[in-house]
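Q: I have a structure I would like to understand better, so I am pasting it below and will then ask my questions one at a time.
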Ligand SMILES: NC(=O)c1ccc[n+]([C@@H]2O[C@H](COP(=O)([O-])OP(=O)(O)OC[C@H]3O[C@@H](n4cnc5c(N)ncnc54)[C@H](O)[C@@H]3O)[C@@H](O)[C@H]2O)c1
């Protein structure tokens with residue numbers, strides 16, 4: 001029996017490494033991303049790329065439907081796609097708020113809702129990619145932090161709701177991870193070098209995590225090795241929230 005996963009935000013960064021790790025672990029994956037570069041992941045019978053905006057109405061049905069139609073089952077959903085916004089609240093518009101919730105929160109709710117009937121059949125898992133920003137206060141991230149707080153609570157809520165139906169729901173909460181997401185945020189700062197120094201200084205291990213370190217935590221939370229774990233937010237943050 002081959003396990004099957006849907007991973008959102010799969011074209012680069014953490015999502016891409018999640019796909020790689022899942023394939024190594026024997027999964028077949030529907031890899032969803034708004035970027036057409038997700039097509040680079042195509043791997044006959046192993047990775048089916050789906051170029052789609054997670055916020056689009058038809059994406060939950062298309063992503064889950066593709067996994068079930070092509071692979072016959074669904075064992076894992078990884079809600080990873082998100083956008084970052086570092087902005088003081090007084091400079092944050094209503095449009096910023098709506099746009100970030102439309103990508104970071106609503107699709108996780110809608111895709112999870114589409115996946116749960118199939119995950120109930122297989123005794124599958126949901127792994128959400130949250131953030132330390134959903135666990136502790138970090139200046140100038142109000143709306144991004146709110147979206148990640150929502151992902152944390154979606155995780156806990158569904159873990160309880162589905163515990164007796166055999167579906168485990170967990171999240172990883174990365175600190176700073178060395179991806180283009182962080183690099184782009186830094187490049188927008190007035191002093192990117194100073195911004196990097198602050199980021200590294202805030203992480204007790206003195207470096208960013210790698211996307212693969214986050215991906216390995218995701219695969220662990222999807223595996224039988226974490227069979228007793230549900231409703232957990234696993235920090236992969238080099239000690240950030242332990243300070
Ligand atoms: N990089 C970090 O420091 C960090 C820290 C904490 C949490 N995270 C979280 O990790 C996850 C992945 O982050 P990353 O660093 O790999 O980011 P990234 O920007 O490198 O990759 C995100 C991917 O999501 C895709 N995406 C964005 N909007 C989309 C949409 N509407 N529909 C479909 N795909 C979309 C992008 O095209 C991209 O391929 C996100 O949930 C992010 O909030 C990242």
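Q: In the stretch 41-67, how many are in contact with a helix residue (DSSP H, G or I) (Cβ under 9 Å, 6 or more places away or on another chain) and within 13 Å of the ligand (Cβ to nearest atom)?
A: Matching residues across the stretch 41-67 total 13.
Q: Step by step: first the residues of the stretch 6-19, then only those that are assigned to a helix (DSSP H, G or I) and within 25 Å of residue 122 (Cα to Cα), then the one that is nearest to the ligand (Cβ to nearest atom). Which residue is that?
A: The initial filter retains those residues of the stretch 6-19 that are assigned to a helix (DSSP H, G or I), namely 13-19.
Narrowing further to those that are within 25 Å of residue 122 (Cα to Cα): 15-19.
Working: 15: 5, 16: 7, 17: 8, 18: 9, 19: 11 Å.
Among those residues, the one meeting the criterion is 15.
To keep it simple, each residue is scored yes or no on (1) under 28 Å from residue 175 (Cβ atoms); (2) within 17 Å of the chain's Cα centre (by Cα).
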{"residue": "9", "(1), (2)": "yes, yes"}
{"residue": "17", "(1), (2)": "yes, yes"}
{"residue": "24", "(1), (2)": "yes, no"}
{"residue": "36", "(1), (2)": "no, no"}
{"residue": "50", "(1), (2)": "no, yes"}
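Q: Taking residue 71, is it modelled with pLDDT of 95 or more and closer than 20 Å to residue 174 by Cα?
A: Judged against the criteria, residue 71 is not a match.
Q: From the list 145, 173, 185, 159, exactly one residue is within 12 Å of the ligand (Cβ to nearest atom) and closer than 19 Å to residue 78 by Cβ. Which is it?
A: 173
Q: While we're on this one: Can we say residue 22 is more than 13 Å from the ligand (Cβ to nearest atom), crowded, with 17+ Cβ neighbours inside 10 Å and not in a helix (DSSP H, G or I)? Walk me through how you get there before you give the answer.
A: Details: more than 13 Å from the ligand (Cβ to nearest atom): yes; crowded, with 17+ Cβ neighbours inside 10 Å: yes; not in a helix (DSSP H, G or I): no.
Answer is no for this residue.
Q: Restricting to the stretch 201-243, name every residue that is out of contact with any helix residue (DSSP H, G or I) (no Cβ under 7 Å at 6 or more places or on another chain), in a helix (DSSP H, G or I) and within 17 Å of residue 26 (Cα to Cα).
A: Answer for the stretch 201-243, where residues must be out of contact with any helix residue (DSSP H, G or I) (no Cβ under 7 Å at 6 or more places or on another chain), in a helix (DSSP H, G or I) and within 17 Å of residue 26 (Cα to Cα): 217, 221, 222, 224, 225.
The values are calculated or read from the model by the stated rules, or taken from the named source; none is laboratory data. Because the structure is a prediction, the values reported are computed rather than measured. Quick reminder, even Gly has a Cβ in these numbers, built from the backbone with ideal geometry, and neighbours come from all protein chains shown.
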